[in-house]
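The values are calculated or read from the model by the stated rules, or taken from the named source; none is laboratory data. Quantities reported herein were computed from a predicted structural model and do not represent experimental measurements. Cβ sites come from the backbone with ideal geometry, for glycine too, and all protein chains shown count toward neighbours. Just so you know, the surface numbers come from the protein's heavy atoms only, side chains and all, with ligands and any DNA or RNA stripped out. Shrake-Rupley method; radii C 1.70, N 1.55, O 1.52, S 1.80 Å.
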Amino acid sequence: MTYGLDTLRVLEVGGGIPAALASKLMADLGAQVLKLEPPQGDPVRQEGPFRGGHADPEAGGAHLYLDTNKRSLQLDLAHAEGRAILRELAARAHLVVHGLPPARMADCGLDYAALSAQHPALVLLSITPFGLTGPYRDYAANDLTLTHAGGWGWLCPGKSTPPERPPIKPFGQHALVQAGLHGAVAALAAVYGAAGSGLGEHLDVSVQEVVTGMLGHHFAAWSYAGRTDSRRSPAAYEPMSFYPCKDGYIFLICPEQAQWERLVELMGRPAWATDGRFDTRPGREVQGAALKERLSEWTAGWEAQALYHACQGARVGAAPVFTQAQLERDEHLLAREFHVTQEHRVAGAIKLPGAPYHLKRPLWALRRPAPLLGEANGVVNTLFPGAPAPLRVRADGPGALPNGSAGAARGTRRPARAPFDPERVLPLSGVRVLDLSWVWAGPHCTMMLGLLGAEVIKVESHSRLDLTRRTRLFAAGMEKGPNRCGYFNQVNQGKLAIAINLSHPEGVNVVRRLGEQCDVMISNFGTGVLERLGLGPEEMQRRNPALICALISAFGQTGPSRHYMGYGPLISPLAGISAATGYADGVPQDVGLAYGDPNGGAYTTLAILASLLARERAGAHNGTGQVIDLSMWEAMLCTAFEGWMNHTLGNAPHRPMANRHPLHAPHGVYRCSGDDDWVAIAAETPEQWRALCTAMGQPALADDARFRAAPARKAHEDALDALLSDWCAPRDKWDVTRVLQAAAVPAFPSLDGRELQENPHLQARGVFTRWPHAEVGVRTLMGVPWHFTRRPNGLGKSAPRLGEDTDAVLERLLGLAAEQRAALRAQGAIE
């Protein structure tokens, strides 16, 4: 029986990190990926890092990681013959992925109307800085400007940063990486929809919108509480910071009172910790500076990893600030066999980040090293022979379960569906998700599935409220309440909510029965909790063999650290990002987001979609379900590949450098006129450098011996930054942006939450949702981070009130009449 994505054909065009990553994610899951490169090669080949700093387009770290499992074909799209070959290859593919600017798409032959006319089921994924429409569609950009354009830079580094220090970006190119990841999610969903309807799709993904979509409660803060979170904001709770150790730093976090009390016990109940100042969460916040001083004195007596294990053993959230060398020898990663060694014809034996998830039914593998440039020249007809075979076209529409799956496993069948209009149905329409997750990682995943058309049923109870219903982001001017928190309402839009008591046997039985009617079950409970409840994958798949079970945790379901406590903010220190994020003083800094959560949620969504496609290909027979073990740590190690590739190629570790780049200058954020106004500016090519000098009214600077060549600019970066600072200081940040963008120089202000919600480009793109909510009215929230061009976009409803759909769902799916539900309520099984 076949089970995999090996018949999925993907054509990658245009290159750059987002397109390269999107197609890599599918190639590693088995898809056939043909990478079309210009004669000089994809720009990814020039990204580095390079061994010893010696540039080699065949052995750069980004290429070695991003192009695994692909084949390379050189094709010059500047010529008509090249464009004709592109059209022919597109007709042989299921999916085309590109990162070309909007103005170049048609010139290169990427006209979706023409492509789909000859291949109606084709999916085209366009990933561009600001999208294909709107006033900024043609703006020049790079990862720096997009991080600040999307609002992430404004939050980084987190926690009470002095106002004279600029907002910064996390180390790496995370805006571009996340665009590739989220683009891959949307594309796989569109392929799934096309397999059911025969109708393809053109997906428009904006890097800026993907970044904004990851802000979570920081985005909702303005519309709910009238505040703009920033790098200057205090911590959400204390402790939540980096503390010095004998040999490095450790990050401690205690969001719950019980965790603080356990930390006090671990410290031996010192007098300062029990004198009353720090007994309560508000008290710890007021005394934040004193608390940090006292905790730092205590942590300074420990080695970081010893303290990490001691804290985790006491059930206190902690993470050491790992270096790449420490990651290579970590016992947990070794036990889970995370890193994979691969032999490359030029680079030799290299160790790569492995799978971002473990799959019970194998799909992921590194089968081929990154290709040499043009190695597939002359063999294309062998790789992509003729028209692609349909993946699986189901007559009853996308998501409808074939015979033998889910309901059929129990001898039942879902009711026949009415004929559907494929242009009005989202790709995952008919897919049902049982959502046992809470906080952010799981809800981000299920929100994405909902945005793609799935029906998401969120299980909660009054006795175990989702932490985000209790977080301090309540609608201003209203009493606090579980339905009035902006954090919950941002990440749970469009879902159904049922209130089930999982501490009651009959409540657990209700959830088991719901699992029989679902395609997917998701949980981010602690490792082993589902099994203790009787809801583990083995039990749920015994009842429904086609069920896809996704388990999200910080450390995974196996390995010596599997029971350790994990929160999103702990993941960046664990993954080596924090060690290279910060200012020139070298102190590691928080990245401003609980980054591990949305990143882990997105990778889980990708694995679910791949599993759905594989299941449909296998005919959804009994036993073709999947178990997904997603470690947020491992998923982040895949996202933060640049630091690891620099290490595995034998280079010195990266140090914190604020907004600077290892190779390019200028590359920074500069203060403008106004209160705390900043603009990001970058020049990565000789053309951009000369255009920048001319736009500044100083064309002679381009030929100044200090700045003429890229290495010289980097060597004199302090002087260059001083010149740019002087030029920007008296100017408005938007004036600077308009002047430089007119010269095609990447520039953009660092935006806060209010500016994002009021931004004319984002408003013109229609990315916000403003659905009425029964208790808080209409609030602006971030919506879809991608745009379908044939199908509708958006969820159509606000986040649910606690338990508001219990009766309707139990009656519709389980046939429980009113008197049966009343009996379950009387027992305390449902609420």
Quiz item: List the pairs whose first member sits in the stretch 781-804 and is on the phi > 0 side of the Ramachandran plot, whose second member is open to solvent by 40 Å² or more (accessible area, probe 1.4 Å) and part of a loop (DSSP other than H, G, I, E, B), and whose Cβ atoms are under 9 Å apart, counting only residues at least 6 apart or on separate chains?
Solution: Gly794/Gly766; Gly794/Trp771; Gly796/Trp771; Gly803/His462; Gly803/Glu831
Quiz item: Given the conditions (1) open to solvent by 10 Å² or more (accessible area, probe 1.4 Å); (2) part of a strand (DSSP E or B), and given that Arg294 satisfies all but one, which numbered condition is not satisfied?
Solution: (2)
Quiz prompt | Criterion: touching a His at 6+ places or on another chain (Cβ under 9 Å) and under 29 Å from Pro427 (Cβ atoms) - qualifying residue of Ala91, Ala59, Ala114, Ala106 | solution = Ala91
Exercise. Please work out which one of (1) in a helix (DSSP H, G or I); (2) within 25 Å of the chain's Cα centre (by Cα); (3) in contact (Cβ under 8 Å) with a residue 12 or more places away in the chain is the condition Arg361 fails and give its number.
Key: (1)
Quiz item: Phe707 fails exactly one of the following numbered conditions: (1) exposed (fewer than 15 other Cβ atoms within 10 Å of the Cβ); (2) assigned to a loop (DSSP other than H, G, I, E, B); (3) without any contact (Cβ under 8 Å) to a residue 24 or more places away in the chain. What is the number of that condition?
Solution: (1)
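I want to confirm something. Restricting to the stretch 190-234 and keeping residues that are among the basic types (Lys, Arg) and surrounded by fewer than 24 Cβ atoms within 10 Å (Cβ to Cβ), which single residue is nearest to Arg165 (Cα to Cα)?
The initial filter retains those residues of the stretch 190-234 that are among the basic types (Lys, Arg), namely 227, 231-232.
From what is left, the residues that are surrounded by fewer than 24 Cβ atoms within 10 Å (Cβ to Cβ) are 227, 232.
Values: Arg227: 21, Arg232: 10 Å.
Across the stretch 190-234, the extreme among qualifying residues is Arg232.
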Exercise. Tell me, please, whether a residue that is more than 17 Å from Tyr243 (Cβ to Cβ), modelled with pLDDT under 95 and not in a loop (DSSP other than H, G, I, E, B) can be found in the stretch 321-329.
Key: no
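Could you tell me which residue of the stretch 747-771 is surrounded by the most Cβ atoms within 10 Å (Cβ to Cβ), considering only residues that are of a type in the set (A, V, I, L, M) and over 25 Å from Val669 (Cα atoms)? It would help to see each step written out before you state the result.
Residues of the stretch 747-771 of a type in the set (A, V, I, L, M): 747, 751, 756, 762, 764, 767.
Of the ones still in play, those that are also over 25 Å from Val669 (Cα atoms) are 764, 767.
Details: Ala764: 14, Val767: 25.
Of everything passing the filter in the stretch 747-771, Val767 is surrounded by the most Cβ atoms within 10 Å (Cβ to Cβ).
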Quiz prompt | Residues of the stretch 278-312 satisfying the condition of being in contact with a helix residue (DSSP H, G or I) (Cβ under 6 Å, 6 or more places away or on another chain) and closer than 13 Å to Trp260 by Cα | solution = Phe278, Arg284, Leu291
Quiz item: How many residues are over 22 Å from Asp752 (Cβ atoms) and within 20 Å of the chain's Cα centre (by Cα) when one looks only at the stretch 192-208?
Solution: 3
Quiz item: So which residues in the stretch 703-740 are within 12 Å of Arg671 (Cβ to Cβ) and aromatic (Phe, Trp, Tyr)?
Solution: Trp727
Quiz item: If you scan the stretch 660-677, which residues turn out to be of a type in the set (A, V, I, L, M, F, W, C), in contact with a strand residue (DSSP E or B) (Cβ under 9 Å, 6 or more places away or on another chain) and open to solvent by 10 Å² or more (accessible area, probe 1.4 Å)?
Solution: Val669
Quiz item: Within the stretch 733-831, which helices (runs of 4 or more DSSP H) (wholly inside it) include 1 or more residues that are farther than 30 Å from Gly592 by Cα and charged (D, E, K, R)?
Solution: 806-814, 818-827
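Answer with yes or no whether Ser725 is of a type in the set (S, T, N, Q) and assigned to a loop (DSSP other than H, G, I, E, B). Let's see the steps before the verdict.
On the way: of a type in the set (S, T, N, Q): yes; assigned to a loop (DSSP other than H, G, I, E, B): no.
Taking the combined requirement at face value, the residue does not satisfy it.
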Exercise. Mind listing whichever residues of the stretch 619-647 are of a type in the set (S, T, N, Q), surrounded by fewer than 24 Cβ atoms within 10 Å (Cβ to Cβ) and modelled with pLDDT of 95 or more?
Key: Asn646
Practice problem: From the list Ala691, Ala702, Ala712, pick out the single residue that is touching a Cys at 6+ places or on another chain (Cβ under 8 Å), closer than 23 Å to Gln46 by Cβ, open to solvent by less than 30 Å² (accessible area, probe 1.4 Å) and assigned to a helix (DSSP H, G or I). | Solution: Ala702
Quiz item: Quick check, is Glu684 open to solvent by less than 10 Å² (accessible area, probe 1.4 Å), of a type in the set (Asp, Glu) and closer than 23 Å to Gly582 by Cβ?
Solution: no
Quiz item: What helices (runs of 4 or more DSSP H) lie completely within the stretch 436-541 and have 2 or more residues being surrounded by fewer than 22 Cβ atoms within 10 Å (Cβ to Cβ) and free of Cβ contacts under 8 Å to residues at least 40 places away in the same chain?
Solution: 505-515, 529-533
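Please report, ordered by residue number, the helices (runs of 4 or more DSSP H) entirely within the stretch 94-181 with at least 3 residues that are crowded, with 19+ Cβ neighbours inside 10 Å.
On the way: elements: 102-105, 112-118, 143-149, 152-155.
In the stretch 94-181, 112-118, 143-149, 152-155 are the helices (runs of 4 or more DSSP H) which contain 3 or more residues that are crowded, with 19+ Cβ neighbours inside 10 Å.
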Practice problem: Can you tell me which residue among Ala774, Ala744 is closer than 30 Å to Thr694 by Cα and either in contact (Cβ under 8 Å) with a residue 40 or more places away in the chain or open to solvent by less than 30 Å² (accessible area, probe 1.4 Å) (or both)? | Solution: Ala744
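Looking only at helices (runs of 4 or more DSSP H) that lie completely in the stretch 564-664, which have at least 3 residues being closer than 28 Å to Lys360 by Cβ?
Correct list: 568-574, 596-617, 632-639.
Going by the conditions given, is Ala289 outside any loop (DSSP other than H, G, I, E, B) and within 26 Å of Arg165 (Cβ to Cβ)?
Values: outside any loop (DSSP other than H, G, I, E, B): yes; within 26 Å of Arg165 (Cβ to Cβ): yes.
Yes; evaluated as a whole, the condition is true for this residue.
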